[in-house]
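J.: Please find one structure pasted underneath; my questions will follow.
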């Protein structure tokens, strides 16, 4: 259906006001796209469309090379085995330890024995540098560590693509750098495709190949991260200038 792993073709979405207006962008396999812009411009709404939680009013949404626009819930479940999302909240179970949270994601998989599952949990926690937190409850962790656990849990499903919703928001600078390094490692080592919604331009420069800038519903820039600085759009220049002041 498409040469791109994920693609938005002329996507429109309106709630009380137009949120996405004729938006076009794509992501190739193994690449990472950043979606940036101010609050309320449709960044998380875009992730909702990729997951199939939302359907466009007009336009087509391609995921895993397939046009999922008219997919049924059953068909979308197959897509969600390939594409997983790391929510801003982490969405961890507070009553389960870190290790049990990840084990929960493996319970539905029939290709692991109980012993294998323990090894996989340890391996995933090692990959995100959190093995020492295995028996700790999420409530005892910092926001950044909870995000890293959520990433480990997402990896348990062996996805092809991970969507990150504001992974460094409300995270201290050191942990923010750690989360960024982790995302980069997953991209390079596991060749995962990624889409990251972020306000963090430092994270964008670290992990993304391409970027789409949303402003008042429109994609005002889509292209290589390296060329963003060259854009003469006043909103992009203002956005970059505010980042430099910070």
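J.: Can you give the calculated 222 nm mean residue ellipticity of the chain, where each DSSP H run of n ≥ 4 adds -39,500 (n - 2.57) and the sum is split over every residue, rounded to the nearest 500 deg cm²/dmol?
T.: Estimated from H runs of four or more residues: -11000 deg cm²/dmol.
J.: Report the label-to-label distance for residue 216 and residue 73 in nanometres (one decimal), using points 7 Å from each Cα along the Cα→Cβ vector.
T.: 3.9 nm
J.: Write down the percent of antiparallel bridges among all DSSP beta bridges whose residues are both part of the chain, to the nearest 5.
T.: Numbers: 19 of 36 bridges.
That works out to approximately 55 percent antiparallel.
J.: Related question: Only one of the listed values, (1) 30, 22, 15; (2) 33, 19, 16; (3) 24, 22, 20, was derived from the coordinates as semi-axes √(5λ) of the Cα gyration tensor in Å; which label is it?
T.: Comparing each candidate, only (1) matches the computed number.
J.: Can you tell me the length gained on complete extension of the stretch residue 94 to residue 24, counting 0.36 nm per residue apart and subtracting the Cα distance?
T.: My answer for the length gained is 21.4 nm.
J.: Once you put a point 7 Å from the Cα of residue 65 and another 7 Å from the Cα of residue 242, both along the Cβ direction, what distance in nm separates them?
T.: If labels sit at residue 65 and residue 242, their model points lie 4.0 nm apart.
J.: Can you put 43, 230 in order of Cβ neighbours within 10 angstrom, beginning with the fewest?
T.: Taking fewest neighbouring Cβ atoms as first place, the list is 230, 43.
J.: Could you please rank 50, 35, placing first whichever residue has the fewest other Cβ atoms within 10 Å of its Cβ? Walk me through the intermediate numbers first.
T.: Values: 50 22, 35 28.
In order of increasing Cβ crowding within 10 Å: 50, 35.
J.: At 7 Å along the Cα-to-beta-carbon direction for both residue 38 and residue 140, put a label point, then send me their distance in nm to one decimal.
T.: Inter-label distance under the simple model: 4.3 nm.
J.: Give the Rg (one decimal place) followed by the Dmax (whole number) of the range 34-77, computed from C-alpha coordinates and expressed in Å.
T.: 11.2, 34
Values quoted throughout were computed directly from the atomic coordinates according to the rules given, and no laboratory measurement underlies them. All values derive from a computational prediction rather than experimental measurement. Don't worry about glycine lacking a Cβ; one is built from the backbone with ideal geometry, like all the others, and counts go over all protein chains shown.
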